[in-house]
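Undergrad: Let me begin by handing over the structure; questions about it come next.
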Amino acid sequence: MIHRLLTAGALALGAFAAAPAIADDVAYKTVAVDGLDIFYREAGPADAPTILLLHGFPSSSHMFRELIPDLAAQYHVIAPDYPGFGYSSAPSVEEFGYSFAKLADVIEGFTDQLGLASYVLYMQDYGGPVGMRLAIKHPERVRGIVVQNAVVSIEGWDPVNTAPLQAYWKERTPETEKPVRDIITADGTRWQYVTGEPQPERVSPDSWSHDQRGLDRPGNDHIQLELLYQYRDNVANYPKWQQFLKELQPPMLVTWGKNDPVFTVAGMEKFKALVPNAEMHVLDGGHFALETHEPAIAAAMLDFLARLPATK
């Protein structure tokens, strides 16, 4: 990680006092939102510009465990877990209407509770549909957008690997559910992390093991199957999101694992077509490129963030 390398270098030069100790001060908190306990990780100076990290499926704020310290030396970093993920409340599907609109509502309430009036959005996978809804509701809060393997176009979907999901949307039956259920098995979770990685041995098993413990909680399979079914609503919203980006033209950084088995580079190219000034970084990695390319992504983000206009 970048901050640890810098700290080690400072120690070697006898500059202990200059070490950015604040970068390691990650706090693990919970706040009540609409009757739910929403867990989040927080680091960095509270009065610094805020970075809101929105995780993907089937992960949680855990996916940002290495990125947070690298950003926190200069920025206020917040990474929540959605309902049904990580350490946040996971009410049953009978108790909570799981949809991406509902997840976005909860995260909106979360930002209100924390008083976040301005932020840069980081969106990966599920973070895309949550973040886009949040941005459309509050464009005045968005200083910039960082995308890592999240899409706003059907062209960005791999047609082979996403075929079972699209069949599930058309007709929800035990037969169409079976291949979708396979996605949330241990093999399916590991597949998402290592597929497309030239050196899969560099992907820590802590990543998919942590996710799988959450998926294996009693009743969590019903939550995930419901959200995977509701993902069709995101596809229906793609034209709206594309128009929003085209009109807003936000400062945008796109980092992309080019070997992603779910979201192809066509998804990345769509962002460039919508926001021509978007900065693009292609990485030789997969869907969870942050696992093996965290230093490169952190460096690109810090450079991008430093060039943003002053906080709104």
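Undergrad: Does T255 meet the test of being touching a residue at least 24 places away in the same chain (Cβ under 8 Å), among the hydroxyl-bearing types (S, T, Y) and in contact with a Leu (Cβ under 7 Å, 6 or more places away or on another chain)?
TA: In short, yes.
Undergrad: Quick check on the range 81-94: of everything there that is out of contact with any strand residue (DSSP E or B) (no Cβ under 9 Å at 6 or more places or on another chain) and more than 20 Å from F64 (Cβ to Cβ), which residue is surrounded by the fewest Cβ atoms within 10 Å (Cβ to Cβ)?
TA: Applying the filter and picking the extreme gives E94.
Undergrad: Just the residues that are surrounded by 24 or more Cβ atoms within 10 Å (Cβ to Cβ) and of a type in the set (D, E), please, taken from the range 95-132.
TA: Scanning the range 95-132 gives a single hit, D125.
Undergrad: Test I136 against the criterion of being of a type outside the set (K, R), part of a strand (DSSP E or B) and either buried (at least 19 other Cβ atoms within 10 Å of the Cβ) or in contact with a helix residue (DSSP H, G or I) (Cβ under 8 Å, 6 or more places away or on another chain) (or both), and give yes or no.
TA: Answer is no for this residue.
Undergrad: Right, another one. Which number in (1) surrounded by fewer than 21 Cβ atoms within 10 Å (Cβ to Cβ); (2) in contact with a strand residue (DSSP E or B) (Cβ under 8 Å, 6 or more places away or on another chain); (3) under 24 Å from G196 (Cβ atoms) marks the one condition that P250 misses?
TA: Of (1) surrounded by fewer than 21 Cβ atoms within 10 Å (Cβ to Cβ); (2) in contact with a strand residue (DSSP E or B) (Cβ under 8 Å, 6 or more places away or on another chain); (3) under 24 Å from G196 (Cβ atoms), only one is false for P250: (3).
Undergrad: Among the helices (runs of 4 or more DSSP H) confined wholly to the range 204-312, which include 1 or more residues that are of a type in the set (S, T, N, Q)?
TA: 205-215, 220-248, 290-306
Any read-out appearing in this document is the output of simple, stated calculations on the displayed coordinates, not a laboratory observation. The model shown is predicted, which means the values in this text are computed figures rather than measured ones. Please note: Cβ atoms are built from the backbone with ideal geometry, for glycine as well, and neighbour counts cover all protein chains shown.
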